[in-house]
Amino acid sequence: VEQGRIRFVPENWSKTYFEWMRNIRDWCISRQLWWGHQIPAWYDEAGHCYVARNEDEAQAAARKRHGVDAGADASANVPLRRDEDVLDTWFSSALWPFSTLGWPDRTPELSRYYPTSVLVTGFDIIFFWVARMIMMGLHFMGDVPFREVYVHGLVRDGEGQKMSKSKGNVIDPLDIVDGIDLPSLLTKRTTGLMQPHLAPGIDKATRKQFPQGIEAHGTDALRFTFASLATQSRDIRFDLARVAGYRNFCNKLWNAARFVLMMTEDKALAPAGTRSDGVIDRWILSRLGVALRATEQGFADYRFDLAASALYEFTWYEFCDWYLELAKPVLQGEDELAAQATRRTLLAVLETLLRALHPLMPFITDEIWRRVAPLAGVAGETVMLAQWPDAASLPEDGEASADVDWLKGVILGLRQIRGEMDISPARRLAPLVRDATADDAARFTRHAALLSRLAGIDAARLLAAGETAPPSASAVVGNLTLLVPMQGLIDPAVELSRLKKKQDKNDQEIARARAKLGNPNFVDHAPPEVVATERERIAQFEKVGEALTRQIQIVQDLLKS
């Protein structure tokens, strides 16, 4: 490790390794178990110990000690008893890197795979296992057994407690994958306890935590959860709600694939290898390249959490939430060539994304890939044998990204106005735009069809300098301001009554929270995180209150006009 022939990841765990190695002590090598390597030690009736490769060698040593003629027959053997214990688990485990490859024979597997590349392990066995594998590898093979040691955190329960059968807080991964009903879970957690008197408490805690048992979440959701939790911290707090969230992610991916297949199967596509010049298609390919580079960097740095996050955010927020919606007007429009290019892009992005997700979600990605790959013109029987995506072929497109970021901002701004003023999605809007630049004006024209479809607006009108707008709800997008005149969109009296009721309820919540924080007994005795949550609630309520005040002012101005 000092020479750099083996590297710890994270590097700080090398300090733990050095602390053990520089203060090494003898360790007890025996275990009272019936499996394992039986200790090669024999004892005579006087208690003398003979350590040898086999019983014949031990007998020779015993004869020599007792002065028995080496030429005597077997009847002259010294009575010997072999040690009943086995060598400790770590002794056997230390042989793992080469004994699994056919050692002590010089097998082809041993020549090809030793040394291995990476050991994945927990920090609690750095000396007990990692150090001993290194010792054995150097002794028997003349080389280190691996080049890098990736040390992950220990999985603890949601309260930060170490999982232990005696505590009854162990969760069987298969129960998360397949699901388990409450009676079966109670039986599993309370059977075979070393301290049976703990069973009632474990029963009660289990019923409280899992009143309906555990739902089936599938292997992919569980695997992706652990990738997302694989930070470089010492401990991993396991929360079943995270698995449920990633099960939803699997559903999102599945439904997105169904949409892509529905839009592309039995339909004309742009020729294979062609790149669409549509801004939406250019944008998603650019963002895919960014996500792939972040994923590759995460894998290279053993930051599986960052790799998972990059793929999750691209899949959910950029591909599913935005690109599929932005693509619909093109797919359903009258420009057939543009539709064919977008169909090709849909397939290319999904097929590439499935390859990138496969190491973290192996089953659902292979299931979908087998249907998508042929349409995308990619050959192969399974995604697990497909090439890793080439991020270099997907350079960033700053122009397309700027265009789509602007488009997303305008759509979200107009949706915000609809939500705040309770305007039906079916009502068309005629927004006014203040402080628009020439680029903004060009974009409103260029993206008129998309804005009409996704924001529900008729043509936006740019206000002249100094022009006064009628009473309007507003949203700021970059340097420009979107204004939606309220006349004819809402009933001012009804809307004012609704907003006043919301304001009164919001004020009551603020008063209640402030009363809590004004109580010294609560502040001094409640857990710090509870107090912090209460302060966050007040900040959120105050933010809502400011928005309601603005909305009420708009309605009052409308009533005056």
Looking at segment 510-527, can you tell me whether even one residue there is in contact with a Lys or Arg (Cβ under 6 Å, 6 or more places away or on another chain), small (G, A, S) and either under 20 Å from L412 (Cβ atoms) or open to solvent by less than 90 Å² (accessible area, probe 1.4 Å) (or both)?
yes
Would you tally the residues in segment 242-275 being closer than 30 Å to F226 by Cβ and among the hydrophobic types (A, V, I, L, M, F, W, C)?
11
Looking at (1) open to solvent by less than 50 Å² (accessible area, probe 1.4 Å); (2) at pLDDT 95 or above, find the lone condition where S276 falls short.
(2)
Unique match (being touching a helix residue (DSSP H, G or I) at 6+ places or on another chain (Cβ under 8 Å), open to solvent by less than 80 Å² (accessible area, probe 1.4 Å) and within 29 Å of G153 (Cα to Cα)) among G213, G179:
G213
Please determine whether any residue of segment 33-42 is modelled with pLDDT of 95 or more, more than 23 Å from E148 (Cα to Cα) and assigned to a strand (DSSP E or B).
yes
Report yes if some residue within segment 496-504 is modelled with pLDDT of 90 or more, over 23 Å from S424 (Cβ atoms) and of a type in the set (D, E, K, R); otherwise report no.
yes
Answer yes if at least one residue in segment 83-93 is more than 21 Å from P40 (Cα to Cα), within 36 Å of the chain's Cα centre (by Cα) and surrounded by 14 or more Cβ atoms within 10 Å (Cβ to Cβ), and no otherwise.
no
State yes or no: is Q340 open to solvent by 20 Å² or more (accessible area, probe 1.4 Å) and part of a helix (DSSP H, G or I)?
yes
Mind checking which residues of segment 528-561 are open to solvent by 50 Å² or more (accessible area, probe 1.4 Å), farther than 30 Å from S472 by Cα and aliphatic (A, V, I, L, M)?
V530
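Every residue, every condition in (1) aliphatic (A, V, I, L, M); (2) closer than 16 Å to I280 by Cα; (3) open to solvent by 40 Å² or more (accessible area, probe 1.4 Å), yes or no:
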| site | (1), (2), (3) |
| --- | --- |
| A307 | yes, no, no |
| Y312 | no, no, yes |
| R344 | no, yes, no |
| T352 | no, no, no |
Would you pick out the residues in segment 417-443 that are over 18 Å from I554 (Cα atoms), surrounded by 12 or more Cβ atoms within 10 Å (Cβ to Cβ) and in contact with a helix residue (DSSP H, G or I) (Cβ under 7 Å, 6 or more places away or on another chain)?
R443
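Yes/no matrix, rows are residues, columns are (1) surrounded by 19 or more Cβ atoms within 10 Å (Cβ to Cβ); (2) closer than 22 Å to S92 by Cβ; (3) among the hydroxyl-bearing types (S, T, Y); (4) out of contact with any Leu (no Cβ under 7 Å at 6 or more places or on another chain):
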{"residue": "G122", "(1), (2), (3), (4)": "no, yes, no, no"}
{"residue": "F127", "(1), (2), (3), (4)": "no, yes, no, yes"}
{"residue": "R132", "(1), (2), (3), (4)": "yes, yes, no, yes"}
{"residue": "G137", "(1), (2), (3), (4)": "yes, yes, no, yes"}
{"residue": "M141", "(1), (2), (3), (4)": "no, yes, no, yes"}
{"residue": "V149", "(1), (2), (3), (4)": "yes, yes, no, no"}
{"residue": "E159", "(1), (2), (3), (4)": "no, no, no, yes"}
For V290, only one of the following conditions fails: (1) under 30 Å from P395 (Cβ atoms); (2) open to solvent by less than 10 Å² (accessible area, probe 1.4 Å). What is its number?
(2)
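Residue by residue, here is whether (1) closer than 26 Å to K502 by Cα; (2) among the small types (G, A, S); (3) under 40 Å from the mean Cα position of the chain (by Cα); (4) at pLDDT 90 or above holds:
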| residue | (1), (2), (3), (4) |
| --- | --- |
| T437 | no, no, no, yes |
| R446 | no, no, yes, yes |
| S452 | no, yes, yes, yes |
| L463 | no, no, no, yes |
| T468 | no, no, no, no |
| S472 | yes, yes, no, no |
| L482 | yes, no, yes, yes |
What do you reckon, is A448 open to solvent by 60 Å² or more (accessible area, probe 1.4 Å), under 29 Å from V404 (Cβ atoms) and not hydroxyl-bearing (S, T, Y)?
no
Name the pairs whose Cβ atoms lie under 7 Å apart, with the first residue in segment 209-226 and part of a helix (DSSP H, G or I), the second open to solvent by 70 Å² or more (accessible area, probe 1.4 Å) and charged (D, E, K, R), and 6 or more positions between them or separate chains?
T225/R242
Test G179 against the criterion of being touching an Asp or Glu at 6+ places or on another chain (Cβ under 6 Å) and at pLDDT 95 or above, and give yes or no.
yes
Take the conditions open to solvent by less than 60 Å² (accessible area, probe 1.4 Å), within 26 Å of L559 (Cα to Cα) and part of a helix (DSSP H, G or I) and apply them to L414. Does it pass?
yes
Taking segment 186-198 and the residues there that are in contact (Cβ under 8 Å) with a residue 12 or more places away in the chain and in a helix (DSSP H, G or I), the one that is farthest from I214 (Cα to Cα) would be L198
So which residues in segment 189-211 are under 22 Å from I236 (Cβ atoms) and among the basic types (K, R), if there are any at all?
R189
Across segment 47-60, which residue is most open to solvent (accessible area, probe 1.4 Å) among those that are at pLDDT 95 or above and among the aliphatic types (A, V, I, L, M)?
V51
Return a yes/no flag: does segment 259-270 have any residue that is in contact with a strand residue (DSSP E or B) (Cβ under 9 Å, 6 or more places away or on another chain), at pLDDT below 95 and not charged (D, E, K, R).
no
Only one residue in E399, E367 is among the acidic types (D, E), surrounded by fewer than 20 Cβ atoms within 10 Å (Cβ to Cβ) and either more than 26 Å from the chain's Cα centre (by Cα) or under 21 Å from R453 (Cβ atoms) (or both). Which one?
E399
Being among the hydrophobic types (A, V, I, L, M, F, W, C) and either surrounded by 19 or more Cβ atoms within 10 Å (Cβ to Cβ) or on the phi > 0 side of the Ramachandran plot (or both) is the filter here, so list the residues in segment 257-269 that pass it.
A257, V260, L269
Residue, surrounded by the most Cβ atoms within 10 Å (Cβ to Cβ), within segment 467-499, restricted to residues that are closer than 17 Å to Q556 by Cβ and among the charged types (D, E, K, R):
E495
Could you please tell me which pairs satisfy a Cβ distance under 6 Å, a separation of 6+ or placement on different chains, a first residue in segment 368-397 that is of a type outside the set (D, E, K, R), and a second residue that is at pLDDT 95 or above and open to solvent by 70 Å² or more (accessible area, probe 1.4 Å)?
A391/R293
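The values are calculated or read from the model by the stated rules, or taken from the named source; none is laboratory data. Here the structure is a predicted model, which means the values were calculated and not measured. For neighbour counting, all protein chains shown are included, and Cβ atoms are generated from backbone atoms with ideal geometry for every residue, glycine included. Accessible surface is based on the protein model in full, side chains and every heavy atom, while ligands, DNA and RNA are left aside. Shrake-Rupley method; radii C 1.70, N 1.55, O 1.52, S 1.80 Å.
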